[in-house]
Amino acid sequence: MGLYKTFFSANTTLQEGAPLNNTGQNEVVEFWYGGAASSATTSYNRFIFRFDTTKLREKYSSGEIMSGSVTSHKLSMTSTGSFDKRLLGQTDIIGRQRASSFDMILSLIPTGQTNWVEGVGNSFNYGSRNTDFGLTEKLTDGPSSWKKRTTLDNWEFEGVYSGNAPTETILTQQNFELGNENLSMDITETMEKIISGETANSGLILSLSGSYETLTSTTRNFFGFFSRHTNTIYSPSIITSFSGSVQDDRKRVYVDKTNRLYLYTQKNRDPINLDSVPSEVTIRDYDDTIFSAITGSSIVQQGKGIYYVDLFIPNSGGSMNDHTFEMWTDTWSGVTVDTIPLPAVELEFTIKDNKNYFNIGNNLEEPVQYGFSFYGISNGEKIKQGDVRKVFVIAQVKYNPEDDVIVDNLQYRLYIRQGRNQIDIIPFTDVNRGFNQNYLTIDTSFLFQHEYFLQLKLTSNDVEITLPEPLSFQVVEEL
């Protein structure tokens, strides 16, 4: 699984009851509902945000992310109350109650209201100081606010939509039982439509469901998330997850097993996409007889300059037993680059007896023990934010380190340390297994300036081993 983050390009809170107040620069997105201790009233707010999909579209266009491989796009926001459970249900020094058991909804900002500004305000208007988060008071009347979206333009309806139900269809919603949960909303269908241009990217609006907005009480209930101005790793984002780690079987083609054969295309040693997928892959056996001709959708582009076919060779009646370790070929035809047709590409592989793949009997295999090292990033290296690094994983069998080996079932994760806690930035995901190497790619464009740790985990014979010594590196703004 791969992962890419798209961060917000603008966000601000719209406050009912303060129609001109702006808090676009606040480090925290604070929500509330209910009234005040002095009287049974109702008060609430809404949060608008937008994001730029240009880089994500470029990755789609280049094949770095294949649109068909995307498994989800999720809106992710970190709760400011998620770090200390002792805050649950507590009252702050100005009498507000930490909220619990409520629902939030997400919808599109209506088309035609794309032009709105984030604003320069910071604090909420509580009279002196936002004591809950320690922010210095800075009140600003200006757009965007409950009433206005720019200096000259009002919202069509105050608060973006009239009443307590969105004008646009509710995309999704989430229940918060304790009130300190992080927000995670699946917006896959909407994001795909925005990326394709089918849906205008006017931004989205996050709000309490209508029944909470209209709640009248003598208690003001509040909760918060980090905004895009947090200057921490908790900046809100759209997390795009996609499948497609390379698992190249060319060196391990077994009979009675589905094997994946890859073609890699490069120009001046850089990956390049063909004008279209090859038209045919012809498989010839040890006797140069055509075994199969693979065409159409069975030839798959997996990534930028990466194509594959799946091949199953049955061992009918043991007919292949006498031909293991003999050379077969796969010929890729219809290869065109920059409108230039190139000659067919013939590659080779040998098939192996399925006895080396299926271990059936009274003997349980011991897990293989490996030693690992990296190259592509040096331990402790400083990397400029935005760089993309290819990291190779060198594996050697312990007590027999003469030869490097290619390893199955190898995963990695990327995390940071905060005190004694480890916080995943990329959870464990498969390491690519290429023709002659294990490798992974680190894209620092969505990493903040921080120290990161790269850790491996190996699964062998139902045993999971997380390697204790990670590789560390720092992402910096300038070298």
key: Amide H contacts under 5 Å for Ile425, placed H, 5+ residues apart   = Leu414, Tyr415, Ile416
message = Using the Cα centre of the chain as origin and beta-carbon charges of +1 (Lys, Arg) and -1 (Asp, Glu), tell me which of Gly2, Leu414, Leu106 is placed farthest towards the positive end of the dipole.
response = Leu106
note = Under Stokes-Einstein, segment 370-476 at 20 °C and 1.002 mPa s, with its Kirkwood radius over C-alpha pairs, diffuses with a coefficient in µm²/s of 148
ask   = When the dipole is taken about the Cα centre of segment 2-242, and only Lys, Arg (+1) and Asp, Glu (-1) are charged at their Cβ, what size is it in debye, to the nearest 20?
value = 360
query = How big is the shadow of the Cα convex hull of segment 1-61, averaged over all directions, in nm²?
reply = 6.7
query = What are the semi-axes of the equivalent ellipsoid for segment 265-366, taken as the square roots of 5 times the Cα gyration tensor eigenvalues, largest first, in whole Å?
reply = 32, 17, 12
ask   = What residues have an amide H closer than 5 Å to that of Thr41, excluding those fewer than 5 places away on the same chain, when H is modeled at 1.01 Å from N in the peptide plane?
value = Gly35, Ala36, Ser217
message = Tell me which of Tyr264, Thr324, Gln302 sits at the most positive position along the dipole axis of segment 253-356, charges placed on C-beta atoms (Lys, Arg +1; Asp, Glu -1).
response = Gln302
request  = Step through the residues of segment 179-191 one at a time and calculate ³J(HN,Hα) from phi using the Karplus curve (6.51 cos²θ - 1.76 cosθ + 1.60, θ = phi - 60°), rounding each to whole Hz and writing x for Gly and Pro.
outcome  = x, 10, 6, 6, 8, 9, 10, 7, 10, 4, 4, 5, 4
ask   = Here are some pairs, Lys74/Lys148; Lys55/Lys390; Lys85/Lys457; which of them have Cα atoms lying more than 23 Å apart in this structure?
value = Lys74/Lys148; Lys85/Lys457
query = Just how far, in whole angstrom, is segment 1-74 from segment 288-315 if you go by their alpha carbon centroids?
reply = 43
task = Would you list which lysines come within 27 Å of Lys352, measuring only between C-alpha atoms, while excluding same-chain residues fewer than 8 positions from it?
result = Lys251, Lys257, Lys398
inquiry  = Given the options Pro278, Tyr234, Phe358, identify the residue whose Cα lies farthest towards the positive end of the charge dipole of the chain (+1 on Cβ of Lys, Arg; -1 on Cβ of Asp, Glu).
reply    = Tyr234
remark   = Descending packing, highest mean Cβ count within 10 Å first, for 60-67, 437-444 is 437-444, 60-67
inquiry  = What percent of all Cα-Cα pairs in segment 2-242 falls into each 5 Å bin, going from 0 up to the bin containing the maximum distance?
reply    = 1, 6, 14, 18, 20, 18, 11, 6, 3, 1, 0, 0
inquiry  = Rounded to the nearest angstrom and ordered from largest down, what semi-axes does the equivalent ellipsoid of the chain get from its C-alpha gyration tensor (root of 5λ)?
reply    = 53, 26, 20
remark   = When all Cα-Cα pair distances of segment 187-298 are considered, the percent exceeding 22 Å is 68
Karplus (6.51, -1.76, 1.60) ³J(HN,Hα), θ = phi - 60°, over segment 468-479, in Hz, Gly and Pro reported as x = x, 10, x, 8, 10, 8, 10, 9, 10, 6, 9, 8
Distant-in-sequence amide H partners of Ile109 (H built 1.01 Å from N, under 5 Å) = Gly203, Leu204, Ile205
message = Using the crude model of +1 on Lys and Arg Cβ and -1 on Asp and Glu Cβ, and no other charge, please compute the dipole size for the chain relative to its Cα centre, in debye to 20.
response = 1540
ask   = Could you name the lysines in cross-link range of Lys147, using Cα to Cα under 19 Å and dropping any fewer than eight places away on the same chain?
value = none
request  = Using the Cα centre as the reference, give the magnitude of the dipole from point charges on the C-beta atoms of segment 212-365 (Lys, Arg: +1; Asp, Glu: -1; all else neutral), rounded to the nearest 20 debye.
outcome  = 940
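Computed from the coordinates by the stated procedures, all read-outs in this text should not be read as laboratory data. Fair warning: this is a prediction, and the values are worked out from it, not measured in the lab. Counting neighbours? That spans all protein chains shown, and the Cβs are built from the backbone with ideal geometry, glycine included.
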